[in-house]
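First comes the structure, then the notes that go with it.
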Amino acid sequence: MAKTGTTTQGLRTAIERSGYYPALVAEAVEAAVGGESIASYLVHQETTFDANEVRRHVTVLVLTGTRFIVSHTDEQAADSTSPTPYATTSTESVKLGRISSVVVSRVVANPERYQPGSLPREVLLTIGWGAVARIDLEPAACGDPNCEADHGYTGNSTADDLSLRVSEAGDGPDTVRQTLAFAQALSEATAATAASTR
């Protein structure tokens, strides 16, 4: 379930509708937002299957006039560190000027018949601000098949701060639409921030 909008009350309502520890999630997000006005938000809940357990996760994205706030809340089963189930919630606040990329990947069915404005079947929203990077390394080689020298390693570094995948089949068309609306608002805000610092 995803909801998007522009008010503090709308954000709280969307968190409550998700049904996922709403008091805990709302308190963490509202504390991170502080007194700033909300320009846009997105609440996305996903369920995953881990061995014999069903786990839920909620991500809340908030855009203010100066910051991008991301909150994650996960539930955990009882384990050796806790005799009872528990939840972990975290928030991160990022200045808009630090956002280096907003990538929107769209999957469309029957692209030869695509009409502008049609809803994609799936959307992957990836946002990078340099906090987390994934490095893929592999041994380097030269063109000589008989060469046995050590050429070190080669690889790629990819920003991997946040990836959020929604699909029409799994999340519904409204969720896909709301994710695109939030991505557009964030892209516009980062472009305006970049233009004002030149």
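Are any residues in the range 66-120 among the small types (Gly, Ala, Ser), touching a residue at least 24 places away in the same chain (Cβ under 8 Å) and open to solvent by 70 Å² or more (accessible area, probe 1.4 Å), and if so, which ones? SER100 - this is the single residue of the range 66-120 that is among the small types (Gly, Ala, Ser), touching a residue at least 24 places away in the same chain (Cβ under 8 Å) and open to solvent by 70 Å² or more (accessible area, probe 1.4 Å). The condition of being assigned to a strand (DSSP E or B) and either out of contact with any Ser or Thr (no Cβ under 8 Å at 6 or more places or on another chain) or over 17 Å from LEU180 (Cβ atoms) (or both) holds for VAL58.
Restrict the check to the range 121-128 and report whether at least one residue is under 23 Å from GLN184 (Cβ atoms), open to solvent by less than 60 Å² (accessible area, probe 1.4 Å) and part of a loop (DSSP other than H, G, I, E, B). Looking through the range 121-128, none of the residues is under 23 Å from GLN184 (Cβ atoms), open to solvent by less than 60 Å² (accessible area, probe 1.4 Å) and part of a loop (DSSP other than H, G, I, E, B). There is at least one residue in the range 127-149 that is β-branched (Val, Ile, Thr), within 17 Å of the chain's Cα centre (by Cα) and either at pLDDT below 90 or more than 22 Å from VAL60 (Cβ to Cβ) (or both). Scanning the range 52-65 for residues that are farther than 18 Å from ASP171 by Cβ and open to solvent by 10 Å² or more (accessible area, probe 1.4 Å) yields a total of 3. THR47 meets the conditions (1) within 18 Å of the chain's Cα centre (by Cα); (2) open to solvent by 60 Å² or more (accessible area, probe 1.4 Å); (3) touching a residue at least 60 places away in the same chain (Cβ under 8 Å) in every case but one. The failed one is (3).
Among the residues of the range 7-21, the one identified as assigned to a loop (DSSP other than H, G, I, E, B) and open to solvent by less than 20 Å² (accessible area, probe 1.4 Å) is TYR20.
Within the range 17-44, residues that are acidic (Asp, Glu) reach partners that are part of a helix (DSSP H, G or I) with beta carbons closer than 9 Å, at six or more positions or on different chains, in the pairs GLU30/THR8; GLU30/LEU11; GLU30/ARG12.
Here's a check for you: in the range 160-190, which residue that is assigned to a strand (DSSP E or B) and open to solvent by 50 Å² or more (accessible area, probe 1.4 Å) is modelled with the lowest pLDDT? Out of the qualifying residues, it is SER163.
The values are calculated or read from the model by the stated rules, or taken from the named source; none is laboratory data. Since the model is a prediction, treat every value here as computed from it, not as a measurement. With ideal geometry, Cβ positions are generated from the backbone for all residues, glycine too; neighbour counts draw on all protein chains shown. Ligands, DNA and RNA are excluded from the accessible area calculation, which covers all protein heavy atoms including side chains. Shrake-Rupley method; radii C 1.70, N 1.55, O 1.52, S 1.80 Å.
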